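Structure first, then comments.
The values are calculated or read from the model by the stated rules, or taken from the named source; none is laboratory data. This one's a predicted model, so the numbers in the text were calculated from it and none came from an experiment. Here the Cβ is made from the backbone with ideal geometry for all residues, glycine too, and neighbour counts use every protein chain on show. For accessibility, only protein heavy atoms count, side chains too; no ligands or nucleic acids. Shrake-Rupley method; radii C 1.70, N 1.55, O 1.52, S 1.80 Å.
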Amino acid sequence: VRQRIELAAPTRTTVLILGETGSGKESVADAIHERSDRRNGPFLKVNCGAITPSLLSSELFGHEKGAFTGAHTTRRGYFEQANGGTLFLDEIGELSLAMQTRLLRVLQDGEIMRVGSSKPRKVNVRIIAATNRNLAERVEKGLFRRDLYYRLNVAVVNIPPLRERPDDIQPLVTHFLNMFTSKYRKHMNLTPGLMEALRQYSWPGNVRELQNLMHSIVITKDHGPLSVKDLPRHMTGNENEELFFP
């Protein structure tokens, strides 16, 4: 993953980041932007799955005053705001076919059209896209445009799930433990048994789940060594106890 980041970052090509939810796609996007020649430009992030389709067009491309009910002023969209920099489109697999068509035009022509306008506007924006979906499969089902998929599928960074990289668990645990103990001014350390239990767990929520776990443990325990008994029971064989995730 690091090698892919270093190779893709200095180019101006579109980057597609693939990985399960919580695997660290946004962190990879951050690293690519920070290592690019656009590092001093704007870096905007949009979760395509979190905005309703009716609003997404206005959010991405902007709108003119009076374009629709409630459009009392002209608004620049994310593409114009990110001009000269990078736009991170998270969960791009959730885009409707209509929005995919508009995005394809931006990638092909470098132009956007505000809602309610007939005037194309040039933009210079690098796209980093991410998804937890299998886009090739969605193309075959007619849910994702084939031409857009080929436009995106140029420089690909595929992030393995945490369960496939157990050697990453210890440095991640150390990082999050240091971060949260510093935040809450506590002193804690790990026992070897706890680390082994963490390596054996399947981590369906990936790095985000690990981060939430360490946050939960730190805020619910005073001080001292952390052991297996500090883990929620669903991680040690009892599915009946729920873990508090702040």
Under the definition of Cα pairs under 8 Å and six or more residues apart, what whole-number percent is the relative contact order of the chain? 23 percent
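Just the accessible area per residue of the chain, please: how many Å² with a 1.4 Å probe? Don't skip to the end; give the middle numbers.
Working: 13080 Å² over 246 residues.
I get 53 Å² per residue for the chain.
What does the extension gain come out to for residue 54 and residue 234, with contour length at 0.36 nm per residue minus their alpha carbon separation?
Taking 0.36 nm per residue and subtracting the Cα distance, the gain is 60.8 nm.
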Rounded to the nearest 500 deg cm²/dmol, what is the calculated helix-only ellipticity per residue at 222 nm for the chain, with -39500 (n - 2.57) per DSSP H run of length n ≥ 4? -11500 deg cm²/dmol
Does the stretch 98-168 come out rounded, prolate or oblate by the C-alpha gyration tensor, with a ≥ b ≥ c the root eigenvalues, rounded set by a/c under 1.5 and, if not, prolate when a/b is larger than b/c and oblate if not? prolate
Between their Cα atoms, which of 65/122; 119/141; 25/221; 45/183; 45/141 are more than 23 Å away from each other? 119/141; 25/221; 45/183; 45/141
Of every hundred units of 1.4 Å-probe accessible area on the stretch 107-217, the number belonging to carbon and sulfur atoms, as a percent, is 46 percent
Report the rotationally averaged projected area of the chain based on its alpha-carbon convex hull, in square nanometres. 16.3 nm²
Using a Förster radius of 30 Å, what is the FRET efficiency between residue 179 and residue 134 based on their Cβ-Cβ separation? Nearest 0.05, please. 0.35
Whole-percent carbon and sulfur contribution to the accessible surface of the stretch 32-73 (1.4 Å, no ligands, DNA or RNA) stands at 51 percent
Over 10 Å intervals from 0, what percent of Cα-Cα pairs in the stretch 33-135 sits in each interval? 15, 47, 32, 5, 0
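Give me Rg over Rh for the stretch 117-245, both radii from the alpha carbons and Rh done the Kirkwood way, two decimal places. Intermediate values should be presented prior to the final figure.
Working: Rg = 20.8 Å, Rh = 18.0 Å.
Here the Rg-to-Rh quotient is 1.15.
Take every Cα pair under 8 Å in the stretch 108-223 that's 6+ residues apart, average their separations, divide by the length, and report that relative contact order as a whole percent.
Working: 65 pairs, mean separation 24.1, N = 116.
Taking the mean separation of contacting Cα pairs over the length of the stretch 108-223, I get 21 percent.
Quick check: residue separation of residue 37 and residue 153 times 0.36 nm, minus the Cα distance between them. What number comes out in nm? Please report the intermediate quantities before stating the final value.
Details: separation 116, 0.36 × 116 = 41.76 nm, distance 2.12 nm.
The span from residue 37 to residue 153 would gain 39.6 nm if fully extended.
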Relative contact order (percent, whole number), the stretch 1-126, Cα cutoff 8 Å, 6+ residue spacing: 26 percent
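How would the stretch 37-83 be classified by its alpha-carbon gyration tensor: rounded, prolate or oblate, with rounded meaning a/c under 1.5 and the a/b versus b/c comparison settling the rest?
Values: a/c = 3.99, a/b = 1.58, b/c = 2.53.
Judged from the Cα gyration tensor, the stretch 37-83 comes out oblate (a/c at least 1.5, b/c at or above a/b).
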Figure the gain on full extension for residue 96 and residue 3 (residue separation times 0.36 nm, minus the Cα-Cα span) and round it to one decimal in nm. 30.2 nm
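Taking a ≥ b ≥ c as the square roots of the eigenvalues of the Cα gyration tensor of the stretch 1-92, is the shape rounded (a/c under 1.5), prolate (a/b larger than b/c) or oblate?
oblate
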